[in-house]
Amino acid sequence: MSRALLARNGRRALPLIYGGRRGTDTLSGVHLAARRFIVDMSYSAHFMDFKGSSIASSMKKLVVTKLSPNFREAVSTQTVAVPTPGDADLLVRNRFVGINASDINYSAGRYDPSVKPPFDAGFEGIGEVVGLGLSASSRYTVGDTVAYFGSGAFAEYTVVPAKEAVPVPAVKPEFLTLLVSGATAYIALKRLGDLAKGETVLVTAAAGGTGQFAVQFAKQAGCHVIGTCSTNEKAGFLKSIGCDRPINYTAEDLAKTLKKEYPQGIDVVYESVGGSVLELAVNSLANKGRLIVIGFISGYQSASGIPPFKGGTLPVKLLQKSASIRGFFLPHFLGDYREAMSSMIQMFAKGQLVCEVDFGDLAEEGKFVGLDAVFRAVDYMYAGRNLGKVVVEVAPPSVSNSKL
């Protein structure tokens, strides 16, 4: 038995029986090489790779201690014991975590008002399995690389239910971009967009974490794609991923440009800004147009979380055009998640999907490294400076002979 595998309860484990298999993971669609899995025949309940991964006795994590849309005010850094995975759980050493606009909705308690502080922050992470429960060992082993979408990601280690983990070929931050941002664009456009070849699609905040994917998926569907952005650099990026008409709204009047260049209107809008941009999107819809609301970031930092919207004439406008507004919240579409992740991972592997990552290299204090950098990363994103998905490197690659 490997000396790196120790029983968490302190007892000496009896010999283990190993078995191998080869095949394709049904969740990610990634081909798995034959490897040895643990079949426990001891009194041990958990396996922890203390030697190979140098698991410390304590760790840092970010905890929401006060409900507020001000992330720095709501969240604090705490030092706690490294948790022990349950029977069907994995203990993941986080290498990278993703920043989402909705992180401050979570810190403000807007998703589930019944949940009171303190509670853990962060939605998505990627790293290496360094410990696992007995049931989880039938499918995973120490050293496997996984990504996950769930609460408590802003931590150096996170316990993840094995059934919710996504096996990935390597700990690359590009895979992290797919968990929320990519999946939102993929599923929303597929289920609610009803895209048809030749239609015109408008993506707001198109150079952001999820906008970049909406542009690419709409283009793959044979649509003419318009993307809004705030700089010429972002406009150049949008062109590079297939956007037909980037519009830098700081240099062009968005309303006038859409009216002049698209007099017949927009067939589908993928909208995440809200407020006046949402109003413009409604006014720009074509007959039978579909407007998909995936967020309204312009209001998240306010007390209510909702930006002002003049909707008094909305019923008339929708009726006159036989148009519709459709809301999308990823947790309501988890039945589509496996297929979406599998498809996107395969597209990325084949070079058919760009997953742009922003580590904050151009931020004032430099690259986002270390858990405390999450605070800077949230500010950076809300200042509209990011190009692509904002990602924080929580820990450097392991120097052991693990897979990282």
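The figures follow:
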{"quantity": "Test: residue in the stretch 122-131 that is of a type in the set (Phe, Trp, Tyr), surrounded by fewer than 23 Cβ atoms within 10 Å (Cβ to Cβ) and farther than 22 Å from Pro396 by Cα", "calculated": "no"}
{"quantity": "Selection status of Lys350, surrounded by fewer than 16 Cβ atoms within 10 Å (Cβ to Cβ) and either touching a His at 6+ places or on another chain (Cβ under 8 Å) or more than 25 Å from Ser230 (Cα to Cα) (or both)", "calculated": "yes"}
{"quantity": "The stretch 247-271, residues that are surrounded by 14 or more Cβ atoms within 10 Å (Cβ to Cβ) and of a type in the set (S, T, N, Q)", "calculated": "Asn248, Thr257"}
{"quantity": "Restricting the stretch 220-251 to residues that are part of a loop (DSSP other than H, G, I, E, B) and aliphatic (A, V, I, L, M), the residue that is farthest from the chain's Cα centre (by Cα)", "calculated": "Ala251"}
{"quantity": "Within the stretch 99-218, strands (runs of 3 or more DSSP E) holding 3 or more residues that are free of Cβ contacts under 8 Å to residues at least 40 places away in the same chain", "calculated": "none"}
{"quantity": "Residue count, the stretch 257-279 (criterion: more than 22 Å from Gly209 (Cα to Cα) and of a type outside the set (Asp, Glu))", "calculated": "9"}
{"quantity": "Unmet requirement for Asp244, which otherwise passes all of (1) out of contact with any strand residue (DSSP E or B) (no Cβ under 8 Å at 6 or more places or on another chain); (2) surrounded by fewer than 17 Cβ atoms within 10 Å (Cβ to Cβ); (3) more than 20 Å from Ser298 (Cβ to Cβ)", "calculated": "(1)"}
{"quantity": "Wholly enclosed strands (runs of 3 or more DSSP E) of the stretch 262-347 bearing at least 3 residues assigned by TED's automatic domain parsing to the domain that holds Gly209, touching a strand residue (DSSP E or B) at 6+ places or on another chain (Cβ under 6 Å) and among the charged types (D, E, K, R)", "calculated": "none"}
{"quantity": "Matching residues, the stretch 303-347, being of a type in the set (Gly, Ala, Ser) and surrounded by fewer than 13 Cβ atoms within 10 Å (Cβ to Cβ)", "calculated": "Ala303, Ser304, Gly311, Gly312, Ser322, Gly327, Gly335"}
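The values are calculated or read from the model by the stated rules, or taken from the named source; none is laboratory data. Owing to the predicted nature of the structure, the values given are computational and were not obtained by experimental measurement. Reconstructed Cβ throughout: ideal geometry from the backbone, glycine too, with neighbour counts over all protein chains shown.
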